[in-house]
Amino acid sequence: MISIMKAERLKWKKTFIPKLVWLAPIVAILLTAVLMGGKFFQSGAYNFWYTMLLPGALTICCTLVVEKDAKLKYHSILAMPIDLKKIWFGKILACSAWLLLTTLIFFVSITASGILFGTSYSLTSSLTGSSLIFLTLLWQIPFCLFLATKLGTYMAILINLVGNIFGVVAFADGEFWYSVPYAITARLICPTLGILPNGLLVPEGSPLLSMSVIVPGLLIALAWFALISYFTARCFQKREAK
């Protein structure tokens, strides 16, 4: 599996993916610095990051991973004496490593920037928030890879971005947030970082500050990741017969 991941990463060398890993967090930091700054800098940066910029960058990364093989009509993969499910899981793991790296870059950047603009969060709270964002967005990797193989780059980007926006706006602070995977990240950020989906701070005494949602929400998001990875791998395996 490690060799498959390395092979996937080699394909990225002449693509936008390596640049996107650091460009996305830097854009989030600079955008917030220009539009907000001050004591709300960190909360504003986190809100831009998990609602729009990171899901958008992750979707682009996944579609570019698929696009590289799609241009060759998957002949290079089909000719390999390797189970296609392993190749699919290799793509998922490679994209997961990309997501982890860009999350770490954002965490370091926002921690350093907090010194300049004023720190809103403790190091522990910021690390917890970044970790939850990473873990609860993992399910989007196999989903976006699947969308890209079936519908192409532009439709995959459109569907996932609309899903993220709709899930955050319509369900994140509602009673049924757990039933919509797109809403889970925003819901867990409410108690960990005290940010509402609209970017405002959660009022004191609000039930949205309850930490009891974190473990169930995290388990649900990881369950989605496992299920989508498994079923999309089975679908990708069927290409062997084409």
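Using θ = phi - 60° and the Karplus relation 6.51 cos²θ - 1.76 cosθ + 1.60, list the HN-Hα couplings for segment 66-74 in order, rounded to whole Hz, with x at every Gly or Pro.
6, 4, 4, 7, 5, 4, 9, 6, 6
Which residue, chosen from 159, 3, 21, occupies the Cα position most advanced towards the positive end of the dipole of the chain, where the dipole is computed from +1 (Lys, Arg) and -1 (Asp, Glu) charges on Cβ about the Cα centre?
Farthest towards the positive end: 3.
Per the 1.4 Å probe, what fraction of the accessible area of the chain, in percent, lies on carbon and sulfur atoms? Don't skip to the end; give the middle numbers.
Numbers: 8450 of 11730 Å².
Reported share for carbon and sulfur atoms: 72 percent.
For segment 15-25, take each phi angle, set θ = phi - 60°, evaluate the Karplus expression 6.51 cos²θ - 1.76 cosθ + 1.60, and give the result in whole Hz per residue in order, putting x for glycine and proline.
Once θ is set to phi - 60°, the couplings for segment 15-25 become 10, 7, 4, x, 6, 5, 4, 9, 5, 4, x Hz.
Counting Lys and Arg as +1 and Asp and Glu as -1, what is the net charge of the other residues whose Cβ lies under 12 Å from the Cβ of residue 92? Please list the in-between numbers first.
Working: positive: 85, 86, 91; negative: 8.
In short, +2.
Measure nothing fancy, just the Cα-based angle from helix 2-11's long axis to the longest principal axis of the chain, in degrees from 0 to 90, nearest 10.
90 degrees
Under the Karplus relation 6.51 cos²θ - 1.76 cosθ + 1.60, θ = phi - 60°, what is the ordered set of whole-Hz ³J(HN,Hα) values for segment 175-192, x standing for Gly and Pro?
6, 10, 4, 5, 8, 10, x, 5, 8, 5, 4, 4, 5, 6, 6, 4, x, 7
At 1.4 Å probe size, with every protein chain present, just tell me what the per residue accessible area of the chain comes to in Å².
Working: 11730 Å² over 242 residues.
I get 48 Å² per residue for the chain.
Averaged across orientations, what area in nm² does the convex hull of the alpha carbons in the chain project?
Working: hull surface 51.8 nm².
That works out to 13.0 nm², a quarter of the Cα hull's surface.
Please work out how many pairs of lysine residues in segment 7-90 are eight or more positions apart (or on different chains) and have Cα atoms closer than 30 angstrom.
28
Please list, ordered by chain and number, the residues whose modelled amide H lies under 5 Å from the amide H of residue 195; skip anything fewer than 5 residues away on the same chain.
Those qualifying (amide H under 5 Å, at least 5 residues apart or on another chain) are 190, 202.
Taking the Cβ of residue 216 as the centre, find all other residues whose Cβ is under 14 Å away and add up their charges (Lys, Arg: +1; Asp, Glu: -1).
On the way: positive: 187; negative: 175.
Overall, the nearby charge balance is 0.
Please report the net charge: other residues with Cβ closer than 14 Å to the Cβ of residue 6, K and R +1, D and E -1.
Details: positive: 9, 11, 13, 86, 91; negative: 8.
Neighbour charge sum, excluding residue 6 itself: +4.
When the chain is modelled as a GNM with alpha-carbon springs shorter than 10 Å, which of 31, 196, 64 fluctuates the most?
Highest fluctuation among the options: 31.
Using a 4.7 Å Cβ cut-off, which Cys residues in the chain lack a partner cysteine?
For the chain, the answer is 61, 95, 190, 235, because their Cβ atoms have no other cysteine Cβ under 4.7 Å.
The values are calculated or read from the model by the stated rules, or taken from the named source; none is laboratory data. Owing to the predicted nature of the structure, the values given are computational and were not obtained by experimental measurement. In this analysis, Cβ positions are derived from the backbone assuming ideal geometry, glycine residues included, and neighbour counts consider all displayed protein chains. Heads up: the accessible areas ignore ligands, DNA and RNA and are worked out on the full protein's heavy atoms, side chains in. Shrake-Rupley method; radii C 1.70, N 1.55, O 1.52, S 1.80 Å.
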